[in-house]
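Read-outs: derived from the displayed coordinates by stated rules, not from any lab. This structure is a prediction, so every number in the text was calculated from the model and none was measured. Cβ: placed from backbone, ideal geometry, glycine included. Neighbour counts: every protein chain shown.
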Amino acid sequence: MSQSTTEPAALTAPEVLATQRLTLRRPRLEDAAALFAEYTHDAEVARFLTWKPSQSAEETGKYIERSLKRWESGEGFSWLLVLKAEDRPIGAIGCDVKECRASVGYCMARRCWGQGLMTEAVKAVSDWALSCPNIFRVWACCDCENVASARVMEKCGMQREGILRRWIVLPNVSAEPRDCLVYSRVR
């Protein structure tokens, strides 16, 4: 007697998510120049991220190409954050899916910090992910010194689970792995 195993259906993500002040939309190659001008070149934005600041709009375009390939494969989804009032991308949020969980990462132009915009975006992506039948956990982490990012996760209803010791290399801070706070929402 043979047993059949059924793989869960491939996850598809909405091309657009909306919040009160933002439209989260799938990136387009023509967004590279705007993203470079807004934040991918900014060392302060990249400080607690895993990538170094972009040196050109072309380099930012390569990031968009990688994001679109990941979208097509279903392993991860990235949306650009667009202020409804400006119709210009001011940040990005990604959601990587693995088995029954999704991890979230995000960044935003400095001029938009402290306005609650990232909280709106993280909440929208977390809500979407947890509405998917096969996802039971949404999680994110941030460097222990990144108080603003930790606050975003808390305001989105994520609970702090602990510290991941020597978890990730942030090339703009140190060549050695750093400790990170880990947060999650589960259903």
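Once you reduce the stretch 53-109 and the stretch 164-187 to the center of their Cα atoms, the two points are 19 Å from each other.
Pairs of lysine residues in the chain that meet both criteria, 8 or more places apart or on different chains and Cα atoms under 28 Å apart, total 16.
When its C-alpha radius of gyration is set against 2.2 N^0.38 Å (N residues), the chain gives a value of 1.04.
Rounded to the nearest 500 deg cm²/dmol, what is the calculated helix-only ellipticity per residue at 222 nm for the chain, with -39500 (n - 2.57) per DSSP H run of length n ≥ 4? Numbers along the way, then the final one.
Numbers: 5 runs with 49 residues, N = 187.
After summing the helix terms and dividing by residue count, I get -7500 deg cm²/dmol.
Normalised radius of gyration for the stretch 104-176, please: alpha carbon Rg relative to 2.2 N^0.38 Å, two decimal places.
On the way: Rg = 13.4 Å, N = 73, 2.2 N^0.38 = 11.2 Å.
Taking N as the residue count of the stretch 104-176, the ratio is 1.19.
Taking 4.7 Å between beta carbons as the limit, the unpaired Cys residues of the chain are Cys95, Cys100, Cys107, Cys112, Cys132, Cys142, Cys144, Cys156.
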